[in-house]
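Please read the structure below before turning to the comments.
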Amino acid sequence: MRRIISVLLENESGALSRVIGLFAQRGYNIETLTVAPTDDETLSRLTLTTLATDEQIEQITKQLNKLIEVVKLVDLTEGEHVERELMLIKLKASGAQRAEVKRTSDIFRGQIVDVSNNTYTIQLTGTTDKLDAFIRAIAESTVLEVVRTGVSGLSRGEKVLTL
Amino acid sequence: MLSGADILIRSLQEENVDHVFGYPGGAVLHIYDAIFKQNRIQHVLVRHEQAATHMADGYARATGRPGCVLVTSGPGATNAITGIATAYMDSIPMVVISGQVQSHLIGTDSFQETDMVGISRPIVKHSFMIKSAQDIPEAVKKAFYIATSGRPGPVVIDIPKDTTNPTDLVPYEYPDELVMRSYSPAIKGHTGQIKKAVSMMMEAERPMIYTGGGVIQGNSSDDLTKLTQMLGFPITNTLMGLGAYPGTDKQFLGMLGMHGTLEANNAMHHCDLLLAIGARFDDRITNTVSKFCPYAQIIHVDVDPASISKNVVADVPIVGPVDWVLHEMIGLVKDALPERSEKQNSMLAEWWEQIEGWRAQGCLEVVNDSDGEIIKPQQVIQSLYRHTGGEAIVTSDVGQHQMFAALYYPFDKPRKWINSGGLGTMGFGLPSAMGVQIAYPEEQVVCVTGEGSIQMNIQELSTCAQYGLPIKIINLNNRALGMVKQWQDMQYEGRHSHSYMESLPDFTSLVEAYGHVGMKASSVDELDDVMKEALTLKDKLVFVDVMVDPEEHVYPMLIAPNGSLRDMWLKKGVRT
Ligand SMILES: Cc1ncc(C[n+]2csc(CCOP(=O)(O)OP(=O)(O)O)c2C)c(N)n1
Ligand SMILES: [Mg+2]
């Protein structure tokens with residue numbers, strides 16, 4: 001099952017490599033990973049998605065918690081949550097194709113953030129599924145480049161992950 | 001105002017470090033100069049950095065205090081890796097200080113540069129990279145705290161040379177207290193869970209206690225013994241846990257697992273309640289996990305939550321320091337015992353009858369039908385036991401000799417049996433014995449080794465000469481990498497691919513060249529005399545080269561793959 005683990009990490013050099021090293025060392029998989037400092041600059045927030053069984057996820061969270069620099073973590077998929085991913089996608093778009101691509105982009109609430117004679121660069125946010133669906137929807141066009149941030153997310157409601 | 005090098009030494013003094021095991025080199029020269037100018041910390045100069053880590057490790061296992069290592073950058077640091085991994089696998093508190101090239105050279109492939117923090121990352125509990133001299137006191141304080149608290153383990157402090165520069169002076173103050181928001185090891189267990197566990201103990205019909213290195217690391221042997229004796233339950237210890245419960249007591253069934261006794265492994269298999277304490281259910285214990293303890297409900301006590309339900313799911317997990325949990329359990333058991341039902345008492349008696357039946361099979365009986373010509377390795381350990389009165393601190397290397405020592409030298413007290421269980425590091429025996437002897441100059445320290453393992457750190461005989469360490473080395477010389485050969489006998493139709501030791505040195509003259517005493521025993525008739533004589537030479541290092549039967553196998557041995565704990569080879573060709 002796909003899980004989203006959200007981690008508060010000491011914002012120190014080397015901390016990230018320990019998290020990633022742990023996954024490599026213990027044979028856990030990482031699907032996506034995103035990390036940046038939070039409003040408190042001594043802390044980073046790291047979000048990763050992984051495919052794991054319930055037993056595996058228990059081990060993963062326990063092993064993560066053992067890392068000295070991990071302050072706190074939550075498995076967002078355990079409860080209701082909001083998740084978003086951002087994608088920038090550069091497509092070949094010329095002639096009649098241009099209108100078609102724009103229409104599809106509008107349907108997905110994409111924004112065209114860069115234009116050239118033969119290309120559109122579209123920015124899209126949403127769940128992973130939505131971004132995947134967009135890529136399927138423009139299957140006719142030639143995709144030149146795709147960059148995705150990976151998932152980040154928060155629990156819904158009052159629940160927060162803080163110190 | 002002090003230099004970074006002086007700050008480091010002062011900080012180590014604050015942590016009550018009395019010995020540092022190390023080896024100098026370019027990146028740590030400032031630190032060595034600071035060591036030279038003081039006399040509170042004694043530096044022990046090894047002959048190979050791996051040995052320094054094993055010495056610190058042996059020191060830590062014997063005393064419970066963290067071992068401390070100092071090595072230079074590059075090859076010094078990489079040589080230390082095996083010893084760090086050894087300590088990591090067995091959760092031994094250790095602080096390793098490695099020199100690093102100057103900060104401005106890091107990342108430039110400069111002379112003797114290796115990424116020590118990176119290389120050691122998977123085998124340390126934590127590591128620190130020093131950025132400036134001012135960072136040193138806090139890093140040292142944290143390192144010792146992390147190494148020794150919770151589930152202990154090795155911590156690396158990597159120190160670039162410029163931060164120890166003798167001409168850069170900075171203010172020094174050692175922190176009184178530590179605030180670490182991201183590290184808070186469990187300090188007590190869940191009382192509800194403990195109550196539940198105790199009520200299960202009162203109802204069990206075929207209970208079994210299984211404990212590991214955690215009880216020794218957690219200094220809980222007395223409480224474990226007390227609880228076990230109050231309950232009257234059978235108990236087994238892992239290879240790492242030997243000595244946590246008196247090995248000569250009748251409730252003790254011997255070691256379990258790969259080379260465990262028939263009675264211990266069978267009792268594990270058939271029990272209906274398993275109380276696991278400070279043990280981690282590793283693959284040398286469980287055999288096929290799906291067939292492990294098929295009838296048992298499992299209570300698992302460990303300070304490390306990640307150890308619980310990792311390999312085997314616990315019905316009652318209890319996260320907490322072993323001493324705290326045992327103490328609670330003792331209190332509850334005291335109240336509950338008088339109410340234990342007649343029925344349960346008689347079930348327990350029946351269970352013991354069954355166990356005594358297994359014990360009566362005498363799985364460790366030694367048969368020597370060679371008319372005294374050939375020495376069986378087990379007889380060497382038995383002789384050692386007799387002549388040390390079971391009182392020695394015994395370290396071992398890795399192989400058959402290790403298992404013979406574990407099986408034939410019962411330990412009545414904790415921290416008397418010192419070996420590399422998790423990593424299984426050949427070359428551990430001699431240097432760890434040296435660490436023990438340095439910690440306890442008056443104790444009888446014995447290293448049981450094999451002619452293969454001893455050669456992995458034999459250069460340390462020179463260090464022993466320098467520091468006058470009167471260790472007794474008992475070499476079970478079977479002219480083979482015996483444990484490898486045993487597997488080849490059993491699983492590869494006796495094809496001994498590279499498991500013979502050819503061109504062995506004459507060990508007695510070798511040790512004499514180092515200035516020690518060498519002795520040799522080749523037949524059963526001489527064994528006891530040689531052993532006795534060796535052990536009476538109190539002030540000398542004596543190397544006893546014992547020619548043992550090269551054909552001997554270690555039994556019992558679990559049958560893999562697909563076997564359970566009751567599936568064992570009992571001797572050649574004989575199985576359960
Ligand atoms: C550093 C290292 N290399 C290889 C091994 C694999 N190994 C395990 S036991 C063994 C043989 C040990 O031979 P010896 O020390 O003579 O002991 P014996 O089994 O003969 O008693 C080997 C090679 C190991 N445990 N450690
Ligand atoms: Mg051998």
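The values are calculated or read from the model by the stated rules, or taken from the named source; none is laboratory data. What you see is a predicted model, and the numbers here were worked out from it, not measured in a lab. Quick reminder, even Gly has a Cβ in these numbers, built from the backbone with ideal geometry, and neighbours come from all protein chains shown. The area values use the complete protein model at the heavy-atom level, side chains included, leaving out ligands, DNA and RNA. Shrake-Rupley method; radii C 1.70, N 1.55, O 1.52, S 1.80 Å.
Observations
- Per residue solvent-accessible surface (Å²) - chain B, probe of 1.4 Å: 39
- FRET efficiency, B:Asp371 to B:Tyr440 (Cβ-Cβ, R0 41 Å, nearest 0.05): 0.50
- For chain B, adding -39500 (n - 2.57) for each run of n ≥ 4 DSSP H residues and dividing by the number of residues yields -11000 deg cm²/dmol at 222 nm.
- Spacing of the modelled spin labels on B:Glu502 and A:Phe108, each 7 Å from Cα toward Cβ, amounts to 6.7 nm.
- Counted over chain B, the DSSP beta bridges are approximately 10% antiparallel.
- What the Cα convex hull of chain B gives, in volume per residue, is 155 Å³.
- Low-density loop positions, chymotrypsin sites (Phe, Trp or Tyr not before Pro), segment B:277-306 - DSSP coil, at most 14 other Cβ in 10 Å: B:Tyr295
- Above-threshold pairs, the threshold being 23 Å between Cα atoms, out of B:Lys376/B:Lys472; B:Lys226/B:Lys291; B:Lys485/B:Lys572; A:Lys62/B:Lys188; B:Lys310/B:Lys485; B:Lys416/B:Lys485: B:Lys226/B:Lys291; B:Lys310/B:Lys485; B:Lys416/B:Lys485
- In terms of its alpha-carbon gyration tensor, segment B:105-211 comes out prolate; a/c meets the 1.5 threshold, and the first ratio a/b outweighs b/c.
- Solvent accessible area, Å² - A:Val160, 1.4 Å probe, full protein context: 110
- Shielded by partner chains, segment B:172-202 residues - at least 30 Å² of accessible area, 1.4 Å probe, vs chain alone: B:Arg181, B:Ser182
- For segment A:2-17, 3J(HN,Hα) computed residue by residue from phi via the Karplus equation (6.51, -1.76, 1.60; θ = phi - 60°) reads 7, 10, 10, 9, 10, 10, 8, 10, 4, 7, 10, 5, x, 5, 4, 5 Hz, glycine and proline entered as x.
- Oblate is the label for segment B:69-144, because a/c, from the alpha-carbon gyration tensor with a ≥ b ≥ c as root eigenvalues, is 1.5 or above and a/b does not exceed b/c.
- Remark on segment A:61-78: accessible area falls by at least 40 square angstrom from chain-alone to full-complex state for A:Lys62, A:Lys66, A:Ile68, probe 1.4 angstrom.
- B:Cys447 accessible area, assembled protein chains, probe 1.4 Å, Å²: 0
- Above 23 Å, the calculated P(r) of segment B:8-159 contains 25 percent of its Cα-Cα pairs.
- Within a straight-line Cα-Cα reach of under 14 Å, B:Lys250 can be paired with the following aspartates and glutamates, leaving aside sequence neighbours fewer than 8 residues apart in one chain: B:Glu263, B:Glu353, B:Glu356, B:Asp412.
- Axis angle, to the nearest 10 degrees, between helix A:54-66 and the longest C-alpha principal axis of chain A: 70 degrees.
- Segment B:Trp487-B:Val574, length gained on full extension (0.36 nm per residue, minus Cα span): 29.8 nm
- Residues whose amide H comes within less than 5 Å of that of B:Gln297, counting only those at least five positions distant or on another chain, are B:Leu273, B:Leu274 (H built at 1.01 Å from N in the peptide plane).
- Accessible surface of B:Arg566 - all protein chains present, 1.4 Å probe, nearest 10 Å²: 110
- Surface composition of the protein assembly as shown: carbon plus sulfur atoms hold 50% of the accessible area, using a 1.4 angstrom probe and ignoring ligands, DNA and RNA.
- Column: log10 I(q)/I(0), Debye, Cα scatterers of the protein assembly as shown, q = 0.08, 0.09, 0.11 Å⁻¹: -0.74, -0.90, -1.22
- Solvent-accessible heavy-atom area per residue, rounded to whole Å², over chain A at 1.4 Å: 53
- Spherically averaged projected area of segment A:83-163 from its Cα convex hull (nm²): 6.2
- B:Lys538-A:Leu86 FRET efficiency (beta carbon distance; Förster radius 56 Å; 0.05 resolution): 0.15
- Delta accessible area of at least 30 Å² on complex formation, residues of segment A:14-31, 1.4 Å probe, chain isolated as reference: A:Arg18, A:Gln25
- Cβ-Cβ FRET estimate between A:Glu41 and A:Thr162, R0 fixed at 22 Å, reported to 0.05: 0.95
- Solvent-accessible area buried by A and B, counting both chains, probe 1.4 angstrom, square angstrom: 1500
- Radius ratio Rg over Rh of segment B:273-366, counting only Cα atoms, Kirkwood formula for Rh: 1.03
- With all pairs of separate Cα atoms included, segment B:516-567 yields a Kirkwood hydrodynamic radius of 13.8 Å.
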